[in-house]
Every structure is written in structure tokens, then in C-alpha cells.
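See structure below.
The values are calculated or read from the model by the stated rules, or taken from the named source; none is laboratory data. Owing to the predicted nature of the structure, the values given are computational and were not obtained by experimental measurement. Cβ: placed from backbone, ideal geometry, glycine included. Neighbour counts: every protein chain shown.
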Amino acid sequence: MMMAENLVSQDIVDRFVKLLASKRLAHAYLFVGPKRIGKSETALSVAKLVNCERPSKEGFCDGCSSCLKIKNQRHPDVHIVAKEEASIKIEDIREVMTQSQLRSFEAKEKVFIITEVERLTLEASNALLKTLEEPTNNTLILLTTSALDRVLDTIKSRCQILYFFPLSHEEMEKNFSLKEHVSETEAHFLASFSEGCPGRIAPGEHSQVLERRNEAIDQFIFSDNDDVYLKKILADEAQTAQMIHFLFCWFKDLMLLKTNITKAHLVNADRLSDLQRSSGHYSFEELEDILEDLVAARKALEGNFNVKIALAILKEKTWKK
């Protein structure tokens, strides 16, 4: 699980600083927020905080042996369960249960970070519930989710819930302008596309994102010969998901244009002339239908279903000479 320290929520870390100082640290927390907003990165920072060898009023030092081991994910008492796109099975949670019963090797607090707990199977959820009901001493469990409604109520009720809120459009746009040195219109697109989640576009990746956005629009929407393009995109699940998001933003912009929305509210404002050229080709009802198909395609992709046919049907609906 790769981590980017610039995604850490300082507000959440500061809250844990106060909890530690007042000796009110609970045994389990559930971090809730959109994907790529920094929940996992913040969980690792909390693990540093509770085990730092040279803590201060501000937090952890980030330079002691414990902090460095956690930073490099080599600490024997900090365990991470991150299954990316796969389900979290009962075997994974049983390992957590076993480790939680053992004495720590060197940590003040054993820390278990389980990301995307909405991916827990029912058996794994019940096993985790037992661990939450019978916590061992000096153990901290940090769970993350981007789909709170898919987490068992019994798990939610046994955790302190902390919410991660997206950054404002203005904050995101300022960050892209200062750190990536992009133009005002490019910063606007990147900020809108990120939807307040800094991790959606990695540092230095902004130019590739812009290129892929333009390719998706030009090849899927404005070209009748997209076979080579689709074959390339469908070979990479992450790029397929990103393309679907590009298209969703585009057709959402077209719908907004029909309501006479201002340019500032359009994701693809830097391609306004293309949006205006395309707008008259679709009725409001057609745009609603296309957006529903894009949502269904994304869900199919997340469920590991073949989206090739869905995209082929979508192409028929979106292609306008």
C-alpha cells in the first residue's frame, strides 16, 4: 500500500494529539470519506503518533526509529490489511485476531489498519466484530471506508467515527496552480475532476491526466473509429475507470449547459467551444440516459464484470455525426 504524506489530514491527527494528551483514546476508529482523500495516509500518521519515541505537543517527530519503521511499513507491531480491489476474507481477519493477542515486540500500542472495510465478507465482518467487542490492551484498530452504508451497523456502533471532508474547489485549484504550475483553466479542470480529493491525481501526473481526458473526449465522443483506443483502455482497469469518469464529467457538463449554468461550474470549461458544439446533439432525456449508463458501467467495472459491451452500447448512444 503506497502512501503519500501530503494527503494526511492534519485536523484528524491534531484530534488524536488531544485524545492522547487527555488519555481518552478509544480502541477502535472508523475513518469515513471519499476514495483518495487521505484516510490510509492519516491512519499511518496516527500509528506514528501513538508510538513515537520523541513525541511533542504538536505530534510525532517523524525521525525516531519507530516513526521511520512505520513510514517504511516495516514496524513489527503495525499491521496493514489492504486488499486493493479484492474482498477482505475471514483468513485476513483471523490473522489480525491472532496478532492482537500477542505481546507487542516494541510498540507502545499495536496498531491494525484495515482499509476499505466495506470489502469485508460477511464471515470476515463477524470475525472483526468479535475483535472489536473484546479488545486487547494497548491495541488500536483503525478502519477506513468510502461506503459507510455497506459497513455492518454492529461494526459502526463499536467504533468512533471520524469523517474526512473534501477540500473546497478553491483550495484544490490553488494547490494545482502553486504545486504543478499549470494554467488557470487547467487548474480549474484538475480541481473539478479531483472533487476535493487530493489523491485522485498524483503529484506530477497532471499533464497525463489532461492528455487522457482529451483523448477520451476526442476518441470516444468525436470520432467514429475508436476500436484501437478502447482496446488500449480496456487493457487497464484503472484507465477504464478514469475514462468512464472523464465521460461522466463531460455529459454532466452538457446537461448543465442546457440549464444555462455559468462557465465556472463546468468541469471541462477549458473545452467550452467543444461542449457548445456537442450540446445541441442531445436532448435532456438522452443525457440522463447516458449518465445512468455510465454509472452502471462503473458499477459493473467495480464488480469485475466485462464492460466492453456496455461501452459499445454507450458509443452507439453518444456518437453523433
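Here are some notes:
- Test for Leu190: is it at pLDDT 95 or above, hydrophobic (A, V, I, L, M, F, W, C) and surrounded by 18 or more Cβ atoms within 10 Å (Cβ to Cβ): no
- Pairing residues of the stretch 285-314 that are among the hydrophobic types (A, V, I, L, M, F, W, C) with residues that are outside any helix (DSSP H, G or I) and surrounded by 12 or more Cβ atoms within 10 Å (Cβ to Cβ), at Cβ distances under 7 Å and at least 6 apart in sequence or on separate chains, gives Ala297/Val307; Ala300/Val307; Leu301/Val307.
- Lone qualifier among Asp270, Asp253 - being within 20 Å of Ala191 (Cβ to Cβ) and touching a residue at least 24 places away in the same chain (Cβ under 8 Å): Asp270
- Here the strands (runs of 3 or more DSSP E) wholly within the stretch 47-146 that include at least 1 residues being hydroxyl-bearing (Ser, Thr, Tyr) are 139-145.
- Annotation for the stretch 140-150: no member residue is surrounded by 15 or more Cβ atoms within 10 Å (Cβ to Cβ), in contact with a Ser or Thr (Cβ under 8 Å, 6 or more places away or on another chain) and more than 22 Å from Ser9 (Cβ to Cβ).
- Residue in the stretch 209-225 that is buried (at least 17 other Cβ atoms within 10 Å of the Cβ), among the β-branched types (Val, Ile, Thr) and assigned to a loop (DSSP other than H, G, I, E, B) present: no
- Residue, farthest from Thr115 (Cα to Cα), within the stretch 17-38, restricted to residues that are assigned to a helix (DSSP H, G or I) and out of contact with any Asp or Glu (no Cβ under 9 Å at 6 or more places or on another chain): Ala21
- Verdict on Phe248 being within 24 Å of Lys39 (Cβ to Cβ) and either surrounded by 15 or more Cβ atoms within 10 Å (Cβ to Cβ) or within 25 Å of the chain's Cα centre (by Cα) (or both): yes
- The residues of the stretch 299-321 that are assigned to a helix (DSSP H, G or I) and either modelled with pLDDT of 90 or more or of a type in the set (A, V, I, L, M, F, W, C) (or both), listed by number, are Ala300, Leu301, Ile309, Ala310, Leu311, Ala312, Ile313, Leu314.
- Within the stretch 38-67, restricting attention to residues that are small (Gly, Ala, Ser) and surrounded by fewer than 20 Cβ atoms within 10 Å (Cβ to Cβ), the residue that is nearest to the chain's Cα centre (by Cα) is Gly59.
- The listed residues are Ser207, Ser177, Ser194, Ser168, and the only one of them that is under 30 Å from Phe112 (Cβ atoms) and among the polar types (S, T, N, Q) turns out to be Ser194.
- Scanning the stretch 291-304 for residues that are loosely packed, with under 12 Cβ neighbours inside 10 Å and under 17 Å from Ala235 (Cβ atoms) yields a single hit, Asn304.
- Verdict on Phe112 being among the aromatic types (Phe, Trp, Tyr), surrounded by 17 or more Cβ atoms within 10 Å (Cβ to Cβ) and free of Cβ contacts under 8 Å to residues at least 60 places away in the same chain: yes
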